[in-house]
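The values are calculated or read from the model by the stated rules, or taken from the named source; none is laboratory data. From a predicted model like this one, the values you see are computed outputs, not experimental measurements. Neighbour counts are summed over all protein chains in view; Cβ atoms, including those assigned to glycine, are modelled from backbone coordinates with ideal geometry. For accessibility, only protein heavy atoms count, side chains too; no ligands or nucleic acids. Shrake-Rupley method; radii C 1.70, N 1.55, O 1.52, S 1.80 Å.
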Amino acid sequence: QVQLVESGGGLVQAGGSLSLSCATFGSIFRSATMRWYHQAPGKQRELVATITTVGSTNYGDDVKGRFTISRDNAKNTVHLQMNSLKPEDTAVYYCAARRGINDYWGQGTQVTVSS
């Protein structure tokens, strides 16, 4: 059974940093493209960052230069380092794994950036 568990959210002041982690279970990690999404209240879920199985990365325009996605294949974990945080980054952050046509999601972790 595939399971994704996010951690690392919290409250931070504008300009600060947070690091999110997503641990995966169920023998999916090494064959999955991993993504981070966020969803602010009243808004649609948006793609934040992507990392492929070979480490290629892509970022949403709003986070380029501030966020970094990485993966640790030995620990089956994907990370999102978030720097220079802004109040508009406040959202629930979700980890997702795509393998083939199947998507798997974590439960989300809240990130709140105060001004």
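A few points about this structure:
- Gyration tensor (alpha-carbon) shape descriptor, the chain, a/c threshold 1.5: prolate
- Fraction of accessible area attributable to carbon and sulfur, the chain (%, probe 1.4 Å): 45 percent
- Extending 7 Å from the Cα toward the beta-carbon at both residue 114 and residue 2 defines two label points whose distance is 3.8 nm.
- Gyration tensor (alpha-carbon) shape descriptor, the stretch 72-115, a/c threshold 1.5: prolate
- The local environment of residue 88, defined by Cβ-Cβ distances under 14 Å, has a net charge of -1 under the rule Lys, Arg +1 and Asp, Glu -1.
- Counting charges near residue 111 (Lys, Arg +1; Asp, Glu -1) among other residues having Cβ under 15 Å from its Cβ returns a value of -1.
- Fully extending the segment from residue 43 to residue 88 would add 15.0 nm, taking 0.36 nm per residue of separation and subtracting the current Cα-Cα distance.
- For the chain, a simple Cβ point-charge model (Lys and Arg +1, Asp and Glu -1, everything else neutral) yields a dipole of about 260 debye relative to the Cα centre.
- Charge sum, other residues only, whose C-beta stays under 15 Å from residue 18's C-beta, Lys/Arg counted +1 and Asp/Glu -1: -1
- Taking a point 7 Å from the Cα of residue 58 along the Cα-to-Cβ direction, the residues of the stretch 1-34 with backbone N closer than 13 Å to it are 33-34.
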